[in-house]
Amino acid sequence: MELNIKNEIQALAQAIALEAGELLSKRPDFFDLEIKSSAVDFATQMDKASEKLIVERILAARPDDGIIGEEGSAIESKSGVTWVIDPLDGTVNYFYGIPGWNICIAAKDKDGVQVGVVNAPTINSFWSATRGGGATHNGKKITCNNPVELASALIGTGFAYELERRYEQAEIFSKLLPKIRDIRRLGAAGVDLCFVAMGKLDGFYEYGLNEWDLAAGGLILEESGGVVTGRNGGAAGKEMVIAAGPALHARLVAEIG
């Protein structure tokens, strides 16, 4: 992706993420819930409204681009650019009125994710990155913590909606907890990854993340100097995401496997 196109897409992603944040900040008093993979995995009318807004704004500006959206938007790219969007990351937080929900917008081409933006209005945080251009939080350059010893590490995580996966996650949790400083469970993977990118967490791991959960925050973390992989250093994805500065990342991969 050429630099001028990358900068154009970043500016568009930032503007759309801010607009979606304004929409979602008008939290309704009542919710229409749509069950997804299980009774504890659901979408609200606001997830859908945010995705509709984001897709409309993207296609109005770049009609030949592709779309991959959590709430079902799927458009094949004619331009070579595909947008990967989570219109409301942390739906459970949003439903309960807990801070930290966010909007994740990324754009990728044949070489991978090139632009990532995460907007978390309830914690006054806006992260942005371009591939090779570094990462920022509220306009200021950020770097992850490195090196960090495992025993001193504050680690973020999340839990799958599928019950059988939670048993496996409990095993990892119980194995890891005695060896680290502590664990935090914030409820929104986009913010978890960005917190690692800016040093508010030392590392993060989670099973079951989709591309839209990972694309934007993963790029932001990598551009802050961090490493994002799956189990045993393989590709990050639904089987596992392990993210941290280089030194701690190696230890977490060894511990989690």
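Can you put PHE30, PHE126, PHE42 in order, fewest other beta carbons within 10 Å first? Could you put the intermediate results ahead of the total?
Values: PHE30 6, PHE126 21, PHE42 18.
If I rank by nearby Cβ atoms, fewest first, I get PHE30, PHE42, PHE126.
Note on the chain: the C-alpha convex hull projects to 12.6 nm² when averaged across all orientations.
For segment 150-256, the equivalent ellipsoid derived from the Cα gyration tensor has semi-axes of 18, 16, 13 Å, listed largest first.
Net charge within 13 Å of ILE256 by Cβ-Cβ distance, Lys/Arg positive one each and Asp/Glu negative one each, not counting ILE256 itself? Please list the in-between numbers first.
Values: positive: LYS175, LYS179, ARG231, ARG251; negative: GLU168, GLU171, GLU206, GLU239, GLU255.
Local net charge: -1.
Straight-line cross-link reach from LYS179 at under 16 Å between alpha-carbon atoms covers these aspartates and glutamates, not counting any fewer than eight positions away in the same chain: GLU149, GLU171, ASP202, GLU255. In terms of overall dimensions, segment 1-86 has a Cα radius of gyration and Dmax of 14.5, 45 angstrom.
For the chain, give the magnitude of the charge dipole about the Cα centre (Cβ charges: +1 Lys/Arg, -1 Asp/Glu; no others), in debye to the nearest 20. Mind dumping the intermediate values first?
Values: 25 positive and 35 negative charges, 144 e Å.
Its charge dipole is roughly 700 debye.
Each of ILE5, ILE142 was scored by other Cβ atoms within 10 Å of its Cβ. Arranged with the fewest first, they read ILE5, ILE142.
Taking a Cβ cut-off of under 12 Å around ASP109, the surrounding Lys, Arg, Asp and Glu residues balance to a net charge of +1, with basic ones at +1 and acidic ones at -1. Residues THR130, THR82, arranged from fewest to most other Cβ atoms within 10 angstrom of their Cβ, appear as THR82, THR130. Both numbers refer to the Cα atoms of segment 46-125; Rg and Dmax are 13.1, 39 Å.
Just so you know, all these numbers are worked out from the coordinates, no wet-lab data involved. Just so it is clear, the structure is predicted and the values come from calculations on it, not from any experiment. So basically every Cβ, Gly included, is an ideal-geometry build from the backbone, and we count neighbours across all protein chains shown.
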